[in-house]
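Undergrad: Take this structure, written in structure tokens, and hold onto it; I'll ask about it next.
Here, each number is a calculation from the coordinates, and none is a lab measurement. None of the values given here were measured: they were computed from a predicted structure. Virtual Cβ from ideal backbone geometry, glycine too; neighbours counted across all protein chains shown.
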Amino acid sequence: DESTPVLWTTLKAGGAVPPPRGGHSATLLGNRIIIWGGADREQRYQAGVFALNLTTTRWEELKVEGTAPPPRSGHSAVAWGE
């Protein structure tokens, strides 16, 4: 409903907080936001995968299996499957 006000709040998240970046993807998967890619202030690509648990507001760096795509910035991502 367009008449419902939106309230922005700042989360105080802990855990393995990812380094600052821009141009990353952020994908909601269950109760977690998964971020990947992007670039730091010096425009160096970032390759780590991090998850913010929205219930606990704690970050963790994910261990990913398989061959990762090359690091990138300015991309998009979508959750597929379970």
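Undergrad: Only residues that are touching a residue at least 24 places away in the same chain (Cβ under 8 Å) and surrounded by fewer than 16 Cβ atoms within 10 Å (Cβ to Cβ): list them for region 1-25, please. Quick ask: steps written out before the conclusion?
TA: Taking region 1-25 as the starting set, the residues that turn out to be touching a residue at least 24 places away in the same chain (Cβ under 8 Å) are 11-19, 21-25.
Of everything in region 1-25, those that are touching a residue at least 24 places away in the same chain (Cβ under 8 Å) and surrounded by fewer than 16 Cβ atoms within 10 Å (Cβ to Cβ) turn out to be L11, K12, A13, G14, G15, A16, V17, P19, G22, G23.
Undergrad: Identify all residues within region 53-82 that are surrounded by 10 or more Cβ atoms within 10 Å (Cβ to Cβ), farther than 14 Å from G37 by Cβ and of a type in the set (S, T, Y); write none if there are none.
TA: Passing the criteria: T56, T57.
Undergrad: Let me ask something else. Take region 28-51 and flag every residue that is in contact (Cβ under 8 Å) with a residue 12 or more places away in the chain, of a type outside the set (A, V, I, L, M, F, W, C) and either more than 16 Å from G74 (Cα to Cα) or buried (at least 16 other Cβ atoms within 10 Å of the Cβ) (or both).
TA: N31, R32, G37, G38, Q46, G48
Undergrad: Counting only residues that are in a loop (DSSP other than H, G, I, E, B) and either out of contact with any Ser or Thr (no Cβ under 6 Å at 6 or more places or on another chain) or among the charged types (D, E, K, R) (or both), how many does region 1-36 have? Before the answer, list the steps.
TA: Residues of region 1-36 in a loop (DSSP other than H, G, I, E, B): 1-13, 16-21, 23-24, 30-31.
In the following step, the residues that additionally are either out of contact with any Ser or Thr (no Cβ under 6 Å at 6 or more places or on another chain) or among the charged types (D, E, K, R) (or both) were identified as 1-10, 12, 16-21, 24, 30.
Number of matching residues: 19.
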